[in-house]
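First comes the structure, then the notes that go with it.
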Amino acid sequence: MRRRAADYRRPVRRRFSCWIWALLGLVSVAGFVLFVVHHNHHHEDRVKHPIMDKDAINERFTHEHLNFSQEILNANSFARQLAEQMTLAKAYVIIAKEHNNLHLAWELSSKIRSCQLLLSKAAMKEEPITLDEAEPIIKDLSSLIFKAQDAHYDIATTMMTMKSHIQALEGRASAATVQSTVFGQLAAESLPKELHCLHVKLMTDWLEKKSLQEIADEKRNSPRLVDNNLYHFCIFSDNLVAVSVVINSTVCNAEHPKQLVFHIVTNGVSYGAMQAWFISNDFRGSTIEVQNIEDFTWLNASYSPVVRQLLETDSRAYYFEGSQDMKIEPKFRNAKHISLLNHLRFYIPEIYPQLEKVVFLDDDVVVQKEMTSLFSLDLHGNVNGAVETCLEAFHRYYKYLNFSNPIISSKFDPQACGWAFGMNVFDLIAWRKANVTARYHYWQQQNVDKLLWKLGTLPPGLLAFYGLTESLDRRWHVLGLGFDLNIDNRLIESAAVIHFNGNMKPWLKLALGTYKPLWERYVNQSHPYLQDCVTS
């Protein structure tokens with residue numbers, strides 16, 4: 001049985017094996033034939049069309065990653081042609097409207113919108129514009145542009161019309177700028193109603209309450225006012241609330257406020273209100289003196305050139321009658337320039353003959369740090385300690401003074417650093433020795449025709465204190481809070497004194513909201529007079 005079964009299986013295995021081998025042989029032959037044919041065909045293509053294949057590959061790659069900006073710059077691209085025609089068509093729209101040809105302007109505008117739509121679609125798809133897409137718009141725009149030219153809207157007419165439009169717009173912009181500056185200047189000079197209300201209430205107290213006048217008389221002879229072991233500050237202003245903020249911020253940041261003495265000089269209008277306010281309110285035990293500039297009989301026209309100039313009719317006409325003169329910058333018509341309070345800073349040694357060192361503060365500053373260390377700074381024999389402002393190019397001497405005049409150019413360096421008034425430490429001993437006030441008088445006499453510098457106190461200060469100014473660390477005095485929104489917050493936080501110079505004073509509605517809280521925190525909002533004036 002086993003032998004027959006074995007004999008029966010062998011032939012079947014042989015027939016199956018032959019079938020497999022035959023099938024493999026046919027597959028091998030067919031594969032070889034296909035390989036030869038494909039190889040020859042591929043070789044032929046590479047020989048005959050090598051550049052075409054490479055271009056096709058590059059074209060596909062560019063199509064996938066089209067840079068539309070480069071497409072616009074390509075002189076042969078349809079996108080470039082469309083963009084140029086669209087620009088020309090926009091000019092003709094303006095010209096057509098100018099000549100009241102509204103139908104042509106409408107046709108041009110319609111084709112411009114079609115052109116813009118095609119360009120935006122191409123940019124979004126990152127595909128080049130084809131001839132079929134561009135040709136209709138190019139033909140229509142060309143026809144309309146030719147139509148506009150045929151209507152005598154030629155290039156010369158276009159240029160002249162556009163030039164007249166530009167000149168008109170420049171004139172309007174210039175007038176608007178001047179008007180804005182004038183309005184800003186008026187707002188900066190005006191006293192808000194609530195502050196005027198406060199002045200009226202305090203002046204009433206001063207006139208009705210004789211006790212206030214008696215206290216003022218007693219304080220006038222206080223030995224603390226001439227004690228050089230104390231720290232003396234001077235402020236010249238008629239703005240009651242502003243001066244109060246300066247003093248309040250200084251004493252709030254002082255370790256020993258009782259060692260501070262504040263000397264205020266104001267005018268006759270504000271004198272009673274100032275006295276009533278500073279007598280009625282305590283500033284942490286500091287000493288406060290209020291003086292009336294009208295009591296300085298020695299400061300007269302025979303002694304001071306600036307007093308003589310301020311009394312001249314021409315000077316007052318310059319401020320109050322020349323407001324329509326566009327040649328004069330509005331900021332130089334500011335009435336503060338003819339206020340003698342603004343020029344008192346050059347007479348500090350005469351106002352306080354027994355003092356040796358003082359710190360001068362403007363009424364638009366806020367003190368944030370301890371200030372007494374200023375009095376121990378070594379000024380190296382100089383008169384004025386101030387923060388230089390020449391980090392900005394426009395604060396160098398040549399920006400303030402007329403260097404075309406030989407009187408200026410022969411004595412001063414046009415690239416010398418300017419510095420800031422507003423927080424200055426003055427060595428009055430060195431001042432008297434150098435006779436700085438006489439130097440100031442000399443330059444005022446030289447500028448009687450206003451040709452050496454424009455108005456203000458800084459230019460004559462730069463001349464009078466030239467070579468006598470010690471540069472202080474910038475953190476002592478940070479400026480610009482009355483006009484500059486981009487001051488680094490870290491610089492403001494580290495500053496001993498921040499200065500709201502500019503038109504946007506913190507007591508005005510046009511103040512910069514970012515900085516106004518820095519000033520408002522030192523206003524005595526709880527005072528009943530202030531509350532009544534604000535609510536009324």
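The values are calculated or read from the model by the stated rules, or taken from the named source; none is laboratory data. On a predicted model such as this, the values are computed, not experimentally measured, just so you know. Please note: Cβ atoms are built from the backbone with ideal geometry, for glycine as well, and neighbour counts cover all protein chains shown. Keep in mind that these areas ignore ligands, DNA and RNA; they rest on the heavy atoms of the full protein, side chains included. Shrake-Rupley method; radii C 1.70, N 1.55, O 1.52, S 1.80 Å.
Descriptive notes on the structure:
- Any hit, the stretch 520-531, residues being at pLDDT 95 or above and either surrounded by fewer than 16 Cβ atoms within 10 Å (Cβ to Cβ) or under 19 Å from the mean Cα position of the chain (by Cα) (or both): yes
- Of all residues in the stretch 433-477, those satisfying the criterion of being among the polar types (S, T, N, Q) and touching a Pro at 6+ places or on another chain (Cβ under 8 Å) are 437, 444, 445, 447.
- Failed item, numbered, when residue 487 is tested on (1) under 29 Å from residue 357 (Cβ atoms); (2) in contact with a strand residue (DSSP E or B) (Cβ under 9 Å, 6 or more places away or on another chain); (3) hydrophobic (A, V, I, L, M, F, W, C): (1)
- Every residue from the stretch 224-244 that is farther than 21 Å from residue 268 by Cα, open to solvent by 20 Å² or more (accessible area, probe 1.4 Å) and of a type outside the set (S, T, N, Q): 224, 226, 227, 230, 231
- Residue tally, condition open to solvent by 10 Å² or more (accessible area, probe 1.4 Å), within 21 Å of residue 498 (Cα to Cα) and under 34 Å from the mean Cα position of the chain (by Cα), over the stretch 245-269: 4
- Per the conditions (1) over 23 Å from residue 256 (Cα atoms); (2) in contact with a Phe, Trp or Tyr (Cβ under 6 Å, 6 or more places away or on another chain); (3) open to solvent by less than 40 Å² (accessible area, probe 1.4 Å), the sole criterion not satisfied by residue 372 is (1).
- Evaluation of residue 276 against the conditions (1) in contact with a Phe, Trp or Tyr (Cβ under 8 Å, 6 or more places away or on another chain); (2) among the small types (Gly, Ala, Ser); (3) at pLDDT below 90 shows that the sole unmet condition is (3).
- For first residues located in the stretch 514-536 and touching a residue at least 12 places away in the same chain (Cβ under 8 Å), partners that are surrounded by 13 or more Cβ atoms within 10 Å (Cβ to Cβ) and part of a loop (DSSP other than H, G, I, E, B) and lie 6+ apart or on another chain with Cβ distances below 6 Å form the pairs 515/481; 519/506.
- Pairs, first surrounded by 14 or more Cβ atoms within 10 Å (Cβ to Cβ) in the stretch 125-136, second in a loop (DSSP other than H, G, I, E, B) and polar (S, T, N, Q), C-beta under 6 Å, six or more apart: none
- Residue list for the stretch 389-408, restricted to those being closer than 15 Å to residue 461 by Cβ, open to solvent by 50 Å² or more (accessible area, probe 1.4 Å) and in a loop (DSSP other than H, G, I, E, B): 400
- Residue tally, condition at pLDDT below 95, in contact with a helix residue (DSSP H, G or I) (Cβ under 6 Å, 6 or more places away or on another chain) and within 18 Å of residue 418 (Cβ to Cβ), over the stretch 476-506: 0
Let's see how each residue does on (1) among the charged types (D, E, K, R); (2) open to solvent by 70 Å² or more (accessible area, probe 1.4 Å):
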| site | (1), (2) |
| --- | --- |
| 421 | no, no |
| 439 | yes, yes |
| 442 | no, yes |
| 448 | no, yes |
| 454 | yes, yes |
| 458 | no, no |
| 475 | yes, yes |
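- Options 194, 214, 218; residue that is of a type outside the set (Gly, Ala, Ser), part of a helix (DSSP H, G or I), open to solvent by 20 Å² or more (accessible area, probe 1.4 Å) and touching a residue at least 24 places away in the same chain (Cβ under 8 Å): 194
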